[in-house]
Amino acid sequence: MIPRRIALAVWDFVVGDDWRLALAAVVAIGLTAVACALGPSAWWLAPLIALAALRWSLRGTVPAARPSPDGGNDPGPKAGGPAVDQPGVQSSPK
């Protein structure tokens, strides 16, 4: 039971939330080792692959809402007045 728990803890530490980033790190280290074994200095290859993998993993994410000028963080609609679905907010009849 203990070796299985240790293996799962190591897996969780190395892989974390995204197995693709862990795979990209392994590929980056492997390609850098192969390139260095062939002769030229390729220390820059691993950071380049890591940055590309990070950019790839962050594509499609939604940025956080920006704070409003009055200091609040209101991502709600501004043009139409208060949102109708908020509890305690009553819209005026038109």
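The values are calculated or read from the model by the stated rules, or taken from the named source; none is laboratory data. This one's a predicted model, so the numbers in the text were calculated from it and none came from an experiment. Note: ideal-geometry Cβ built from the backbone for every residue, glycine included; neighbour counts use all protein chains shown.
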Legend entry - Restricting segment 47-61 to residues that are under 10 Å from the mean Cα position of the chain (by Cα) and aliphatic (A, V, I, L, M), the residue that is surrounded by the fewest Cβ atoms within 10 Å (Cβ to Cβ): 58
Inset, instruction - Could you list, in sequence order, all residues of segment 13-34 that are in a loop (DSSP other than H, G, I, E, B) and either modelled with pLDDT of 90 or more or exposed (fewer than 11 other Cβ atoms within 10 Å of the Cβ) (or both)? - result: 16, 17
Inset, instruction - Residues being of a type in the set (A, V, I, L, M, F, W, C), assigned to a loop (DSSP other than H, G, I, E, B) and either at pLDDT 85 or above or closer than 30 Å to residue 24 by Cβ (or both): count how many of those fall in segment 35-94. - result: 7
